[in-house]
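Everything below concerns the one structure shown next.
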Amino acid sequence: MYPSIHFFHRQAAREKLAAKRALTEAARDRHLALADDYARRAEAMRESPRA
């Protein structure tokens with residue numbers, strides 16, 4: 001089963017929250033990069049035609 005758009009949006013929100021709570025700059029950057037990746041996956045899934 002493939003993850004849904006809702007899953008990617010939820011994960012992006014979780015990563016953004018984790019970035020706010022991160023103790024180091026490296027951890028913050030990593031969480032923000034993951035949030036961006038999840039948001040892009042959700043957008044790509046939204047734009048792809050349903051098979």
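Which of Ala26, Ala39, Ala12 moves the most in a Gaussian network model of the chain with Cα springs under 10 Å?
Ala26
Calculated from DSSP H runs of 4 or more alone, at -39500 (n - 2.57) each and per residue, what is the 222 nm mean residue ellipticity of the chain, nearest 500?
So the helix-based figure for the chain works out to -27000 deg cm²/dmol.
Tell me the angle of helix 5-21 to the major Cα principal axis of the chain, expressed in degrees between 0 and 90 and rounded to the nearest ten.
Value to nearest ten degrees: 10.
Using 7 Å Cα-to-Cβ label points, what is the Arg21/His6 separation (nm, one decimal)?
Modelled inter-label distance: 2.3 nm.
What translational diffusion coefficient, in µm²/s and rounded to a whole number, does the Stokes-Einstein relation yield for the chain at 4 °C and a viscosity of 1.567 mPa s, taking the hydrodynamic radius as the Kirkwood radius over Cα pairs?
114
What is the sum of charges, Lys and Arg at +1 and Asp and Glu at -1, for the other residues whose Cβ falls under 15 Å from the Cβ of Arg14?
Counting the neighbours of Arg14, the net charge comes to +4.
Quick one: with all protein chains in place, what share of the accessible area of region 8-51 is carbon or sulfur, to the nearest percent (1.4 Å probe)?
The value for region 8-51 is 54 percent carbon and sulfur by accessible area.
Extending each Cα 7 Å along its Cβ direction at Arg46 and Arg14, get the distance between those two points in nm, one decimal.
2.0
With axes computed from alpha carbons, what is the tilt in degrees of helix 25-47 against the longest principal axis of the chain, rounded to the nearest 10 within 0 to 90?
Helix 25-47 sits roughly 10 degrees off the main axis of the chain.
The values are calculated or read from the model by the stated rules, or taken from the named source; none is laboratory data. Values in this document were obtained by computation on a predicted structure and should not be read as measured data. Quick reminder, even Gly has a Cβ in these numbers, built from the backbone with ideal geometry, and neighbours come from all protein chains shown. Accessible surface areas use protein heavy atoms only, side chains included; no ligands, DNA or RNA. Shrake-Rupley method; radii C 1.70, N 1.55, O 1.52, S 1.80 Å.
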